1. For residue 215 and residue 275, what is the calculated FRET efficiency with R₀ set at 35 Å and r taken between the beta-carbons, to the nearest 0.05?
2. Per-residue HN-Hα couplings for the range 38-43, Karplus 6.51 cos²θ - 1.76 cosθ + 1.60 at θ = phi - 60°, whole Hz, x for Gly and Pro?
3. So what J values fall out for the range 136-149 if you push phi through Karplus, 6.51 cos²θ - 1.76 cosθ + 1.60 with θ = phi - 60°, rounded to Hz, Gly and Pro as x?
4. Please give the net charge around residue 152, taking every other residue with its beta carbon less than 12 angstrom from that of residue 152, where Lys and Arg add +1 and Asp and Glu add -1.
5. With θ set to phi - 60° and the Karplus curve 6.51 cos²θ - 1.76 cosθ + 1.60, what are the ³J(HN,Hα) couplings of the range 174-189 in order, to the nearest whole Hz, using x for Gly and Pro?
6. Taking amide H atoms as placed 1.01 Å from N in the peptide plane, list the residues 5 or more away in sequence, or in a different chain, whose amide H sits under 5 Å from that of residue 261.
7. Compute the distance from the alpha-carbon center of the range 267-310 to that of the range 24-66, in whole Å.
8. Among the listed pairs 127/312; 73/134; 137/225; 50/160; 134/195; 137/213, give every one whose C-alpha distance is greater than 30 Å.
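We did not get these values from a lab; they are worked out from the coordinates using the rules stated. All values derive from a computational prediction rather than experimental measurement. Neighbour counts are summed over all protein chains in view; Cβ atoms, including those assigned to glycine, are modelled from backbone coordinates with ideal geometry.
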Amino acid sequence: MAVQHQYNSKNPNLDKDPKFLENYPVPLSPPLPAISKDIELRRAMSASSKSSLFSLCRSDVLFEDEWLIALNKPQGIYCETILASVPSLLNDSSDESVESGTESKKRELHLANRLDRDTSGVILITKSHKVAAKLVKAFTDHKVKKTYIALCVGHAPNWKNITIKSGHGRSKFGAWRVYAARDVGRILPGGSSIKDMETLFEVVSVNGEEGCKDLSELDLVVEEKSVIKCDGNKVEVLVRAYPRSGRTHQIRLHCQYLGISVRGDVKYEGVYEWNGSVYDGHELHAERLSFEHPVTGSSIIIQAPLPLWATKLMSPSCV
């Protein structure tokens, strides 16, 4: 495959040659729906217009010390907008900034994790280059445990817990897609390779009722296209997701493959209109981060309050 990669890089027009493309892995999730283009453009424009007016307040802070600050990111706001708003939250007047050199410290603010524009929840920011490097390594080594909660719409799952393992990569049109687990490591049209992707899902509730504890626990290794078809009797499924890798749109892609796309996630076949309501973003929330503090070594657990859409469908025993 290394020979193929080199040959392709010298001959970029081969990416358009149907015969040559036959040698590439075939994505197992569908292409982006036609409706998603216009809706996503409107959402992006809305988020951009909000950026100039956005500001953080102390109630958004979930954790803070000398080295870190964790915030509860709202839906529909870019991570970069959050980062740009942090300096005003650090209680430094403009005079003090000049005297103490805080401007240089501000430039050392780094996003330790990233959330999609419409994903809400815990976002972690470091206050120095050294701490940033340590946390990047912790994320890369999968030493940071992440918990998400998502409201999905689709068929009622026949499982209580499921671990799904697949490949992940960009198709020839640039969209993120699910690939077979056996294709991990193979080269894609753009020159990148397919990465491994693994997520554990737990059903919290179905239509507001606690998930059945008698259902099975499954392990799914993706090797072919999903055969799950919704017969029209769609239900609301609240799930917790525990990603064991950190791939772009990982939870959203795996929910789509399982036939329970995240509500409002038009990129991955999520419903845009549901029960008379229109959704301006997908309903996915970064609920918790747990990790070893990069400086003190202490155990840190940061948890964001659940959004209203989650609490409405959650019984007290599931909180």
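1. Working: r = 25 Å, r/R0 = 0.72.
Once the sixth-power term is evaluated, E becomes 0.90.
2. Karplus-based 3J(HN,Hα) across the range 38-43 equals 5, 5, 5, 5, 5, 5 Hz.
3. Couplings: 4, 5, 5, 5, 4, 7, 6, 9, 9, 8, 10, 10, 10, 10 Hz.
4. Numbers: positive: 234, 240, 252, 263; negative: 236, 265, 269, 283.
Once all neighbours under 12 Å are counted, the net charge is 0.
5. Residue by residue, the range 174-189 yields x, 8, 6, 9, 8, 10, 5, 4, 5, 8, 4, x, 6, 8, 9, x Hz.
6. 153
7. Cα centres, the range 267-310 to the range 24-66: 13 Å.
8. Working: 127/312 36 Å; 73/134 23 Å; 137/225 34 Å; 50/160 39 Å; 134/195 23 Å; 137/213 37 Å.
Going by Cα-Cα distance, 127/312; 137/225; 50/160; 137/213 fall outside the 30 Å limit.
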